[in-house]
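The values are calculated or read from the model by the stated rules, or taken from the named source; none is laboratory data. Keep in mind the model is a prediction, meaning the values are calculated, not measured. Using ideal geometry, Cβ is built from the backbone for each residue, glycine included, and neighbour counts are taken over all protein chains shown. Each accessible area value is taken on the protein alone, full model and side chains, heavy atoms only, with ligands, DNA and RNA left out. Shrake-Rupley method; radii C 1.70, N 1.55, O 1.52, S 1.80 Å.
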Amino acid sequence: NGSSWSETHELNTGRSRGTSAGITSTAALLMGGRTDPPPSIQADVESYNGSAWSEVAELNTTRKDAAAFGTTTSAMIGTGATSSTDQAGTVNAETWNGTAWTEVANLNTARIELTGSGNSDSAGMVFGGFSSPPDTQHDKTESWNGSAWTEVADLGTARQAISGSSTQGNVSALVAAGYTGTAYVASTEEWEVPGVTKTLTVS
């Protein structure tokens, strides 16, 4: 609530390495992920309305460590690993309209442990991540306009296992922390208006 965390309602399926969308604490989606044992990659999607989690339509492609953005009625998920190994396995992307998932144009680069920003299924970005083999931390950023993915300006620091935040589609975004392959970093990068302004602040 801005000052403290409160325990609320449990998911229907416990998991790790899923991804999420939503811009409020009372409307969110949790998608995909991994359950153990034995290792199993999930297509399950749950929607939160502020009082309970409900299972909704499953993803067309099971995945973990993917990127996502949007809301509970207009969301996007892309890339991720489709097996229990930590390898980028797909460039597949899907959009959510509140009822069903639809496969759309593929991303240009398959990767895992990246993040996304955006507030609908028609405007957003994904950036960073990791692919293997060979082990590669990515600085790549791709922008989505509702019909196609376009590579835009790279991150200043290539990294995986990152956190991001945005509510302004592909106009404004923030990425923080991560792993470069040799070190954990505290650097934060801000994106404002693709192709116009991008600044890097190291904390």
Answer from THR24, THR73, THR8, THR85 - the residue that is among the β-branched types (Val, Ile, Thr) and at pLDDT 95 or above: THR73
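Residue-wise test of (1) of a type outside the set (D, E, K, R); (2) modelled with pLDDT under 95; (3) surrounded by fewer than 18 Cβ atoms within 10 Å (Cβ to Cβ).
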residue	(1), (2), (3)
THR109	yes, no, no
LEU114	yes, no, no
SER120	yes, yes, no
GLY124	yes, yes, no
ALA148	yes, no, yes
GLY164	yes, yes, no
THR167	yes, yes, yes
ASN170	yes, yes, no
The range 6-64, residues that are under 15 Å from the mean Cα position of the chain (by Cα), aliphatic (A, V, I, L, M) and within 20 Å of ALA93 (Cα to Cα): ALA21, ALA28, LEU29, LEU30, MET31, ALA43, VAL45, LEU59
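Within the range 31-70, can you find the residues that are polar (S, T, N, Q) and in contact with a Gly (Cβ under 6 Å, 6 or more places away or on another chain)?
GLN42
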Selection count where residues are touching a residue at least 40 places away in the same chain (Cβ under 8 Å) and open to solvent by 50 Å² or more (accessible area, probe 1.4 Å), scope the range 17-33: 3
Odd one out for LEU59 among (1) assigned to a strand (DSSP E or B); (2) open to solvent by less than 30 Å² (accessible area, probe 1.4 Å): (1)
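Mind telling me which of the residues VAL175, VAL185, VAL126 ends up being among the β-branched types (Val, Ile, Thr) and in contact (Cβ under 8 Å) with a residue 60 or more places away in the chain?
Going through VAL175, VAL185, VAL126 in turn, just one is among the β-branched types (Val, Ile, Thr) and in contact (Cβ under 8 Å) with a residue 60 or more places away in the chain: VAL175.
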Condition broken by GLY22, with the remaining ones in (1) among the small types (Gly, Ala, Ser); (2) within 21 Å of SER165 (Cβ to Cβ); (3) out of contact with any strand residue (DSSP E or B) (no Cβ under 8 Å at 6 or more places or on another chain) satisfied: (3)
